[in-house]
Amino acid sequence: MELYLDTANLEEIKHAVSLGVVSGVTTNPSLVAKEQEGLTREEARLRFHQLIRQICRLLPEGNVNAEVLAEEAQGMFKEGKELASLAENVVVKIPLTAQGLSAISLLAEEGIPVNATLVFSVNQALLAAAAGASYVSPFLGRIDDAGGDGVALVSQILKAFRNYEISTSVIAASIRHPRHVTAVALEGAHIATVPYRVLMQMIKHPLTEQGLERFRLDWNKIIRK
Ligand code: G3P
């Protein structure tokens, strides 16, 4: 399973890239909005594009997911083409609505990779794949928040795709803790996109810390004072 970082924060991306473990970045309007404020609509658009270019440069071999803000198909299509032109490794995120499906099919026809986002059901995932999305992003944390079972949804989407040899990759998104990552890996998710905080939590284990301390103490015992 590939790991993506779910953030628009450049420092977090730089650190994660330096660890050599991430092969992509996902952003969304909420994450991008955290990184900027007090701008006109046009300034916000230009800053967003600048940010996406910077992220693409930090991860030239990885997929950088940038989301459209328009809500009708032609607007999403136009915005998607604009985002895709920012760098070769941009993947356009389109929300799973009826208008979004039209935009996905238009972008797919142009050969632009699309990640269908805000996916909360197997049917939505099937529709995204049928429209030509290269990726679908079920939001498992938000399903859990609403009393559902997010990991089960990821598993069902994977099963449905396997049944029909659908090549669309499943990105487990809205990940809240390391157990989510393990669970979706065991189900066979292609990608998990994790917040920086979760990536840091994944590194740590108390027995690793204890083991290191023991090695240090034992080694120091043989050193004459
Ligand atoms: O990748 C989708 C993610 O950004 C949504 O996460 O925590 O807002 O549900 P969250």
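The values are calculated or read from the model by the stated rules, or taken from the named source; none is laboratory data. No experiment lies behind these values; they were computed from the predicted model shown. Virtual Cβ from ideal backbone geometry, glycine too; neighbours counted across all protein chains shown. In case anyone asks, the SASA skips ligands and DNA or RNA and just uses the protein heavy atoms, side chains included. Shrake-Rupley method; radii C 1.70, N 1.55, O 1.52, S 1.80 Å.
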For this session: Give the peptides 21-32, 178-189, 124-135 in descending order of average Cβ contacts within 10 Å, highest first.
Result: 124-135, 21-32, 178-189
Seminar exercise, completed: Sorted by chain and then number, the residues having a modelled amide H within less than 5 Å of the amide H of Ser169, at least 5 places away or on another chain, are Tyr135, Val136
Exercise. Using a simple spin-label model with points 7 Å from Cα along the Cα→Cβ vector, what separation in nm is obtained for Ser30 and Glu61?
Worked result: 3.2 nm
Problem set entry | Under 11 Å, Cβ to Cβ, from Arg176 - net charge with Lys/Arg +1 and Asp/Glu -1 | 0
Exercise. Which FRET efficiency value, to the nearest 0.05, do you get for Lys221 and Ala152 by plugging their Cβ-Cβ distance into 1/(1 + (r/R0)^6) with R0 = 45 Å?
Worked result: 0.30
Problem set entry | Sum of -39500 (n - 2.57) over DSSP H runs of 4+, divided by residues of the chain (222 nm, nearest 500) | -16500 deg cm²/dmol
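What does the convex hull of the Cα atoms come to per residue for the chain, in Å³?
So the per-residue hull volume is 156 Å³.
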Seminar exercise, completed: Rounded to the nearest 0.05, FRET efficiency between Lys81 and His190 (Cβ-Cβ, R0 30 Å) equals 0.75
Exercise. So for Met200, Met76, Met1, what's the accessible-area order with a 1.4 Å probe, most first?
Worked result: Met1, Met200, Met76
For this session: Collect residues whose amide H, placed 1.01 Å from N in the peptide plane, falls under 5 Å from the amide H of Lys93; neighbours closer than 5 in sequence don't count.
Result: Ala66, Glu67, Val68, Asn115
Exercise. Cα to Cα, under 30 Å, and not fewer than 8 places away if on the same chain: which lysines meet these conditions relative to Lys204?
Worked result: Lys14, Lys34, Lys221
Exercise. With θ set to phi - 60° and the Karplus curve 6.51 cos²θ - 1.76 cosθ + 1.60, what are the ³J(HN,Hα) couplings of segment 119-131 in order, to the nearest whole Hz, using x for Gly and Pro?
Worked result: 9, 10, 8, 4, 4, 4, 5, 4, 5, 4, 5, 5, 6
For this session: Multiply the residue separation of Glu110 and Asp145 by 0.36 nm, subtract the distance between their alpha-carbon atoms, and state the gained length in nm to one decimal.
Result: 8.9 nm
Seminar exercise, completed: log10 I(q)/I(0) for segment 1-59, Debye formula on C-alpha points only (no solvent), q = 0.26, 0.27, 0.29 Å⁻¹, two decimals, reads -1.08, -1.14, -1.25
